[in-house]
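In what follows, a single structure is set out as structure tokens and then discussed.
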Amino acid sequence: MAAEHKTKLSKNLLRMKFMQRGLDSETKKQLEEEEKKIISEEHWYLDLPELKEKESFIIEEQSFLLCEDLLYGRMSFRGFNPEVEKLMLQMNAKNKEEVVEDETVELDVSDEEMARRYETLVGTIGKKFAKKRDRANYEEDENGDIKPVKAKKMFLKPQD
Amino acid sequence: MAEAAGVAAEFFASNRARAARAVLDQVVLPGEELLLPEQEDGEGPGGAGERPLRLNAGARSRVRVVCGPGLRRCGDRLLVTKCGRLRHREPGGGGGGVYWVDSQQKRYVPVKGDHVIGIVTAKSGDIFKVDVGGSEPASLSYLAFEGATKRNRPNVQVGDLIYGQFVVANKDMEPEMVCIDSCGRANGMGVIGQDGLLFKVTLGLIRKLLAPDCEILQEVGKLYPLEIVFGMNGRIWVKAKTIQQTLILANILEACEHMTADQRKQIFSRLAES
């Protein structure tokens, strides 16, 4: 199924929570920026001269995360909790900034598989809504795929 | 560098600030002022050539230095607020290093970004009150869990253990925590499962155990299958297959703070035999 035209989903739909979960942080930021642009013009602002802040080059942080490289807090050993062990690998690899290749979860289905499924899908769903007479047209292939085989019998106008 | 006693006498005699680099890994006391490396040149005659190239004698190169826990900014200097050893770390990317004081304490003060273990004490309307060991209970909204919506509430009861991180934690406001990260994923946070044992240790021990090259954890991991959760508020939750193993683990972790490496190895070898 060569997708030439992507069905454009409305902005309201894209803003719904279940659509946001799959997005990267980049697309999220873009959406947020667009919303901000709309709002910012209506905002009131003070027309004062800018006060310069005293520039200081010491930053105060109360957190130990910056100081020491600490490992992730949840740990599991010898397979007690497999999910936590997977998490351990992920989080500790993030700290060391290694490339984690398992990150890309394959949500997309390949084109061939899509075409195959769609083929059978049309058959099975079509069978559901077909009338009794038409159900005979749906034959089962060797693989168990259902394909509509015969052409529909149309009314033939009698010739004089 | 003069002897410790001599330095202390000097210090009390004239409240002169010391160079931070000279005091690394030594004990510092609250009230001391520390000079950053760039300021040494201006103060003492013939400084150790920190910045050999100086285009303008008056201007100082602006390298951002981070002062961590136990230190405060006081003008252009660092003021020590806790007693302990001064540590320093060079950063990977640009900017100056991080200075902090390695101190020991049991009482936790909520800090933004810390992952902690909390106990749910109350459920009021839309938020849970979670006791994290600080001065007030933190608030946790029921929407701050992965996949939680108004209709789909998380299954959290009073008395449950929660592993979460702080989003708001300062001295002026009530601390707030959440169980999701900025992308909306749980990443291991949320309700901690059934059974297991929660106990309290000092904050310094948690940091020691979570250091990247901690031998204690590696040895403990070889004993038997187990699960541990460390909270930066001094709480540790452990779980093993039997109650006895869980108790042994808890005792080891509590005791290893005061044991030397040899004593530890003895205990581990004795455990491995039995």
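Taken as a whole, the condition of being of a type outside the set (Ser, Thr, Tyr), open to solvent by less than 80 Å² (accessible area, probe 1.4 Å), part of a loop (DSSP other than H, G, I, E, B) and assigned by the TED database to the domain that holds residue B:144 applies to residue B:187. Can you name the residue in segment B:218-256 that is of a type in the set (Gly, Ala, Ser) and touching a helix residue (DSSP H, G or I) at 6+ places or on another chain (Cβ under 6 Å) and, of all such residues, is nearest to the other protein chains (Cβ to nearest Cβ)? This residue is B:240.
Number of residues in segment A:30-71 that are part of a loop (DSSP other than H, G, I, E, B) and within 14 Å of chain B (Cβ to nearest Cβ) equals 16. Taking the numbered list (1) touching a Gly at 6+ places or on another chain (Cβ under 9 Å); (2) more than 26 Å from residue A:67 (Cβ to Cβ); (3) in contact (Cβ under 8 Å) with a residue 24 or more places away in the chain in turn, residue B:123 passes all entries but (1).
The single condition among (1) of a type in the set (Ser, Thr, Tyr); (2) modelled with pLDDT of 80 or more; (3) surrounded by 10 or more Cβ atoms within 10 Å (Cβ to Cβ) that residue A:56 does not satisfy is (2). Of B:194, B:266, B:244, which residue is part of a loop (DSSP other than H, G, I, E, B) and open to solvent by 50 Å² or more (accessible area, probe 1.4 Å)? The unique qualifying residue is B:194. Name the residue that is surrounded by the most Cβ atoms within 10 Å (Cβ to Cβ), counting only residues in segment A:73-90 that are more than 7 Å from chain B (Cβ to nearest Cβ) and out of contact with any strand residue (DSSP E or B) (no Cβ under 7 Å at 6 or more places or on another chain). Going through the qualifying residues, I end up with A:90. Of the residues making up segment B:210-239, those that are in a helix (DSSP H, G or I) and open to solvent by less than 30 Å² (accessible area, probe 1.4 Å) are B:216, B:217, B:220, B:221. Residues that are without any contact (Cβ under 8 Å) to a residue 12 or more places away in the chain and among the charged types (D, E, K, R) within segment B:126-165 comprise B:129, B:150, B:151, B:153, listed in sequence order. Every residue in segment B:197-209 that is in contact (Cβ under 8 Å) with a residue 60 or more places away in the chain and open to solvent by less than 40 Å² (accessible area, probe 1.4 Å), please. Correct list: B:202, B:203, B:204. Evaluate the following for residue B:105: is it within 14 Å of chain A (Cβ to nearest Cβ), touching a helix residue (DSSP H, G or I) at 6+ places or on another chain (Cβ under 7 Å) and open to solvent by less than 70 Å² (accessible area, probe 1.4 Å)? Criteria met by residue B:105. Checked against the criterion of being farther than 21 Å from residue A:64 by Cα and touching a helix residue (DSSP H, G or I) at 6+ places or on another chain (Cβ under 8 Å), segment B:72-94 contains one or more residues that satisfy it.
In the set (1) under 17 Å from the mean Cα position of the chain (by Cα); (2) buried (at least 16 other Cβ atoms within 10 Å of the Cβ), residue B:249 fails one condition alone, (1). Within segment A:128-146, being surrounded by 10 or more Cβ atoms within 10 Å (Cβ to Cβ) and at pLDDT 75 or above holds for one residue alone: A:130. Taking (1) open to solvent by less than 60 Å² (accessible area, probe 1.4 Å); (2) of a type in the set (A, V, I, L, M); (3) over 18 Å from the mean Cα position of the chain (by Cα) in turn, residue A:66 satisfies each apart from (1).
Here segment A:6-22 is the region considered, the condition is being in a loop (DSSP other than H, G, I, E, B) and either touching a residue at least 12 places away in the same chain (Cβ under 8 Å) or facing chain B (nearest Cβ under 9 Å) (or both), and the residue that is farthest from residue B:146 (Cα to Cα) is A:15. Of B:120, B:167, B:156, B:178, all but one fail to be under 20 Å from the mean Cα position of the chain (by Cα) and open to solvent by less than 50 Å² (accessible area, probe 1.4 Å); the exception is B:178.
The values are calculated or read from the model by the stated rules, or taken from the named source; none is laboratory data. As the structure is a computational prediction, the values presented were derived from the model and not from experiment. In this analysis, Cβ positions are derived from the backbone assuming ideal geometry, glycine residues included, and neighbour counts consider all displayed protein chains. All accessible areas refer to the heavy atoms of the entire protein, side chains included, with ligands and DNA or RNA removed. Shrake-Rupley method; radii C 1.70, N 1.55, O 1.52, S 1.80 Å.
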